[in-house]
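Report on one structure; see the data block that follows.
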Amino acid sequence: MIRRNLTYAAIMAACFGGPYSFYNPEARKTVESIWTQASGYLPSGEQGGTAEKPVASIEAPASHEIPPEQPNPFMTPSLTGSDALNAPVAGPPVQDFMEVFNFNADSRWVATRWPRVSTALADLNLEGLRAPLVTGSQYDDLAGSITYYFDRDGHVQRITFHGTTGDERRLVEMLTRHFGFKHEPTLDAGLYLVKWNGDPTSVLMLRNATVINASQPHTRLNVALEINRPSRYYGLSPQMTETVEEAKNSQRWGKP
């Protein structure tokens with residue numbers, strides 16, 4: 001049990017690294033119907049999964065504007081020319097979280113929205129693009145890293161976010177409204193799940209910071225979020241599956 005608890009702590013520490021520096025101006029969706037409305041796409045094709053592995057980084061194109069194939073209310077306009085070169089590392093401000101938690105995104109949109117994007121492999125059939133994310137300077141904004149995982153057809157199958165916020169209510173409202181997350185009892189600051197046949201398929205875990213500093217209100221809560229598109233072929237990532245099991249075994253939520 002001690003070993004399990006230590007493993008759990010290590011996993012959560014990795015998920016909840018300290019992205020507060022991104023706030024510094026100097027560093028700065030039960031149900032297919034819900035998902036159909038939110039993303040306009042349901043998956044087909046069979047794939048599998050293994051561990052995530054960082055690979056490389058790519059620079060945003062200096063001048064390349066990519067119009068969406070069809071109108072998308074959540075698509076942020078691409079940056080071009082000198083705008084791309086001068087864009088903040090964490091990307092432009094976010095008015096609506098659905099702008100970035102966007103399952104209509106493609107890899108070109110990701111690469112043009114952020115000046116620098118790191119590539120990562122979730123498994124043999126999902127490739128990830130990770131970028132720093134700061135949605136704004138309000139207490140309910142987010143700061144950390146966001147990763148989009150694409151299948152071989154270029155469709156987003158998973159979006160993850162790891163970082164901090166000072167107030168979770170705006171994030172929770174978006175997840176419950178658009179993605180079907182539901183609150184679950186927990187000893188942590190918050191737990192919201194999407195389940196299929198009783199098993200979690202998407203997870204939001206909130207934990208209080210080890211030290212809550214009044215001068216750094218944006219870091220009050222650590223956030224680990226994984227949203228998976230409903231599919232027979234994809235579920236929780238190995239990392240989030242292990243985190244969920246450790247949380248259960250440590251009796252922080254659910255039955256051990």
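Quick notes
- Filtering the stretch 215-256 to residues that are closer than 23 Å to ILE146 by Cα and in a loop (DSSP other than H, G, I, E, B) leaves GLN216, ARG220, ARG229, PRO230, SER231, TYR233, TYR234, GLY235, LEU236, SER237.
- LEU191 fulfils the conditions (1) of a type in the set (A, V, I, L, M); (2) open to solvent by 40 Å² or more (accessible area, probe 1.4 Å); (3) part of a strand (DSSP E or B) except for a single criterion, (2).
- No other residue among VAL156, VAL194 is modelled with pLDDT of 95 or more, in contact with a Pro (Cβ under 8 Å, 6 or more places away or on another chain) and more than 20 Å from THR135 (Cα to Cα) apart from VAL194.
- Inside the stretch 185-237, residues that are over 14 Å from GLU168 (Cβ atoms) and not aliphatic (A, V, I, L, M) make up a count of 23.
- If you filter the stretch 194-210 down to residues that are of a type in the set (Gly, Ala, Ser) and farther than 11 Å from THR164 by Cβ, you find that the one that is most open to solvent (accessible area, probe 1.4 Å) is GLY198.
- Count of the stretch 211-234 residues which are open to solvent by 30 Å² or more (accessible area, probe 1.4 Å) and of a type outside the set (Ser, Thr, Tyr): 9
- Residue list for the stretch 156-186, filter: touching a helix residue (DSSP H, G or I) at 6+ places or on another chain (Cβ under 9 Å) and part of a loop (DSSP other than H, G, I, E, B): GLY166, ASP167, GLY180, PHE181, THR186
- Residues that are within 16 Å of TYR234 (Cβ to Cβ) and either part of a loop (DSSP other than H, G, I, E, B) or among the aliphatic types (A, V, I, L, M) (or both) within the stretch 121-155 comprise LEU121, ALA122, LEU124, ASN125, LEU126, ASP151, ARG152, ASP153, GLY154, HIS155, listed in sequence order.
- Boolean, LEU121 is more than 16 Å from LEU225 (Cβ to Cβ) and open to solvent by less than 10 Å² (accessible area, probe 1.4 Å): no
- Scanning the stretch 239-253 turns up one or more residues that are surrounded by fewer than 20 Cβ atoms within 10 Å (Cβ to Cβ), closer than 17 Å to ILE159 by Cβ and at pLDDT 85 or above.
The values are calculated or read from the model by the stated rules, or taken from the named source; none is laboratory data. From a predicted model like this one, the values you see are computed outputs, not experimental measurements. Reconstructed Cβ throughout: ideal geometry from the backbone, glycine too, with neighbour counts over all protein chains shown. Heavy atoms of the whole protein, side chains included, go into the accessibility calculation; ligands, DNA and RNA do not. Shrake-Rupley method; radii C 1.70, N 1.55, O 1.52, S 1.80 Å.
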